[in-house]
Amino acid sequence: MKIADKLERRLLGMAHVLCLIALVGAVLAMIALMFALALPGKTAVTADPPLSASEVLSSIPGSEAANDALSNDSANGSYPTVNVPGAAGFLIPAPLRTVLSQDNASQPLLEAWLASVPLADRQQFLDELSDIVVRATQHAASWEWDNRERYVAAAMNQYARVKIERIGDAQSAMQAARGRSEQLGASLGTLLALAGFLVLLLLLTAIERNTRNSR
């Protein structure tokens, strides 16, 4: 009988030690998860990454500086009518509005672009696109891009392509970060439940050991 009691006490002692080790491991894992959950806030992704006119124009073949002397006469006073439902409620800068009024085909094109841009980012999109129009008009190339309107259209297309691609990449990165945070949060909840269970086991084994020792 004494041998059985000793064996039971030894098993209880081993179970107590194993529960204690597992509890320490769970606590350390929870600390690591809390640090991991705090990390995405420091490396936040910009929902609407800016895109400069210089970056867009430098990616278009031809000379940027060939026609620097071209004047940039914006529409003064009167604003032509533009039918772009996606831009309703947003300010369309004068240079962009002038291009849209001169080329009707550009209006449905802008509408298609705006459909891929979140509402919160559309004003910045319009402002940057207007800046592209101004810079492209000033820097229309003299040989390969002898037609200034074609150069402006090419610059607008290039801007829209790169900008929408960057917005999509940013949204994907933000969605991945949210998924990672949700996964880490679920893991943290599981570890908390495990830690509670281990604490309960430790209490039960401690009570059992004390009861046996008092006999």
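The numbers here are math on the coordinates, done by the rules we state, and not lab data. Everything numeric in this text was worked out from a predicted model, so none of it was measured. Glycine gets a Cβ as well: all are built from the backbone with ideal geometry, and neighbour counts include every protein chain shown.
Charged neighbours of Ala105, selected by a Cβ distance under 13 Å, balance to -2 (K, R count +1; D, E count -1).
Between Thr211 and Phe90, the distance separating the two model label sites (each 7 Å from Cα on the Cα→Cβ line) works out to 7.1 nm. Sorting 148-159, 127-138 by average packing, meaning the other beta carbons within 10 Å per residue, from highest down gives 127-138, 148-159.
With a Förster radius of 30 Å applied to the beta-carbon distance between Leu192 and Leu12, the computed FRET efficiency rounds to 0.70.
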